[in-house]
Amino acid sequence: MPQREDMETTTVTIVNLYLVVFTPYWPVTVLILIWLAFDWKTPQRGGRRFTCVRHWRLWKHYRDYFPLKLLKTHDISPSRNYILVCHPHGILACGWFGHFATEASGFSKIFPGITPYVLTLGAFFWMPFLREYVMSAGICSVSQSSIDFLLTHKGTGNMIIVVVGGLAECRYSLPGSSTLVLKNRSGFVRTALQHGVALIPAYAFGETDLYDQHIFTPGGFVNRFQKWFRSMIHIYPCAFYGRGFTKKSWGLLPYSRPVTTIVGEPLPMPKIENPSQEIVAKYHALYIDALRKLFDQHKTKFGISETQELEII
């Protein structure tokens, strides 16, 4: 993560320097930079949510395009805080956006008294105008300081939404796939222990069916470039494709295939300010067991074979 953030910072700095030095738009750039400096910590302090943005009519059309459906297996009390852990990421995390960054799926009715905070990369908050929209939808930075603030300074009834597989999971996003990047990702467990908040597993059946992906020959030139690119900035460039504006055309729109997200039972966590690696590993294993159980209980309802299991890498 630090290397990726360094790369993002360098890119933004270079672009802004170019606009200031080599273009006549430097006054606009300077004003934007002043605003960013003034408003820099807002994405790490709960953002700037506007309920009307989350209720835009556009999002209902977005939901119905696939369609998206959000289901819960247990009631969640607003007297506590939670970390909702989402799987899989897919190519563009279409389902997670629709469910938790908008009210298209009826989040506030399904989980009354709960306020969702979707966490994403800090780079989104360095882009003028885009950052304002992102924050208005209730999206915040995924930085540790942001998580700590949301879990300690916003009272109770808060749900932090994290897609732990992240962009690393894109390369495994193929129709019918159930491969998750999770074996060595335990930071969310450590954070839950430090704050004593419950972890909630969630699985989106159909998320990996929204795009096809071309797999290049292992060891070939393009495949070597993909690996090199990932080693540099921790993002695996995928050759994905979906449909165009007409039903049978090729393009970058996701396929209109159903995505049903099942939100599981909260997994209580004790509060341990400085958990050892052994304790983190113990609760990480318990979380994976709960996730497997959720997947196995519902997979056959969505066309997945009874013998297919989650592959954790």
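The values are calculated or read from the model by the stated rules, or taken from the named source; none is laboratory data. Computed from a predicted structure; not experimentally measured. Here Cβ is always computed from backbone atoms with ideal geometry, including for glycine, and neighbour counts include all displayed protein chains. The protein model used for the area step is the full one, side chains on, heavy atoms only, and it has no ligands, DNA or RNA in it. Shrake-Rupley method; radii C 1.70, N 1.55, O 1.52, S 1.80 Å.
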Taking GluC sites (Glu not before Pro) in a DSSP loop with at most 12 other Cβ atoms within 10 angstrom as exposed, one finds the longest site-free stretch of the chain at 1-272
Once all protein chains are kept in place, F149 shows an accessible area at probe 1.4 Å, nearest 10 Å², of 40 Å²
The convex hull of the Cα atoms of region 167-313, divided by residue count, gives a volume in Å³ per residue of 150 Å³
Counting only DSSP beta bridges with both partners in region 179-313, the antiparallel fraction in percent, to the nearest 5, comes to 85 percent
Restricted to the chain, the DSSP antiparallel beta bridge percent, nearest 5, is 30 percent
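If I take every Cα pair under 8 Å that is 6 or more residues apart in the chain, average their sequence separation and divide by the length, what percent do I get for the relative contact order? Walk me through the numbers before you get to the answer.
Numbers: 548 pairs, mean separation 70.7, N = 313.
With pairs under 8 Å counted, the relative contact order is 23 percent.
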The Cα radius of gyration of region 119-194, divided by 2.2 N^0.38 Å with N its residue count, comes to 1.27
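Accessible area per residue, 1.4 Å probe, Å², for the chain: what's the number?
52 Å²
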Highest GNM mean-square fluctuation among T261, T208, T300, for the chain with Cα springs under 10 Å, belongs to T300
Within the set G264, G113, G138, GNM on the chain using Cα springs under 10 Å gives the largest fluctuation to G113
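Which of the peptides 47-59, 29-41 is most tightly packed, and how do the rest follow, going by the mean number of other Cβ atoms within 10 Å of each residue?
Values: 47-59: 14.6, 29-41: 12.7.
In descending order of packing, they fall as 47-59, 29-41.
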Taking the chain and counting helices only, DSSP H stretches of n ≥ 4 at -39,500 (n - 2.57) each over all residues, the nearest-500 ellipticity at 222 nm comes to -11000 deg cm²/dmol
One quarter of the C-alpha convex hull surface, i.e. the mean projected area of region 85-161 in nm², amounts to 5.5 nm²
From highest to lowest solvent-accessible area (probe 1.4 Å; ligands, DNA and RNA excluded), D296, D64 read D64, D296
Out of V197, S276, T208 - ranked by how far each Cα lies towards the positive end of the dipole of the chain, with unit charges on the beta-carbon of charged residues - the top one is T208
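Tell me, what % of the accessible area of the chain is carbon and sulfur with a 1.4 angstrom probe?
Values: 10110 of 16130 Å².
Summing carbon and sulfur atoms, their accessible area is 63 percent of the total for the chain.
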For M127, the accessible surface traced by a 1.4 Å probe with all protein chains present amounts, in square angstrom to the nearest 10, to 90 Å²
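Please report the net charge: other residues with Cβ closer than 12 Å to the Cβ of A137, K and R +1, D and E -1. Please list the in-between numbers first.
Numbers: positive: R48, R49, R54, R131; negative: E103, E132.
Net charge in that neighbourhood comes out at +2.
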Taking a ≥ b ≥ c as the square roots of the Cα gyration tensor eigenvalues, with a/c under 1.5 meaning rounded and otherwise prolate when a/b beats b/c or oblate if not, region 208-275 comes out oblate
When the chain is treated as a Gaussian network with springs between alpha carbons less than 10 Å apart, the largest mean-square fluctuation among P24, P43, P237 is found at P24
For region 242-313 the trypsin sites (Lys or Arg not before Pro) that pass both the DSSP coil test and the at-most-14 other-Cβ-within-10 Å test are K247, K248, K271
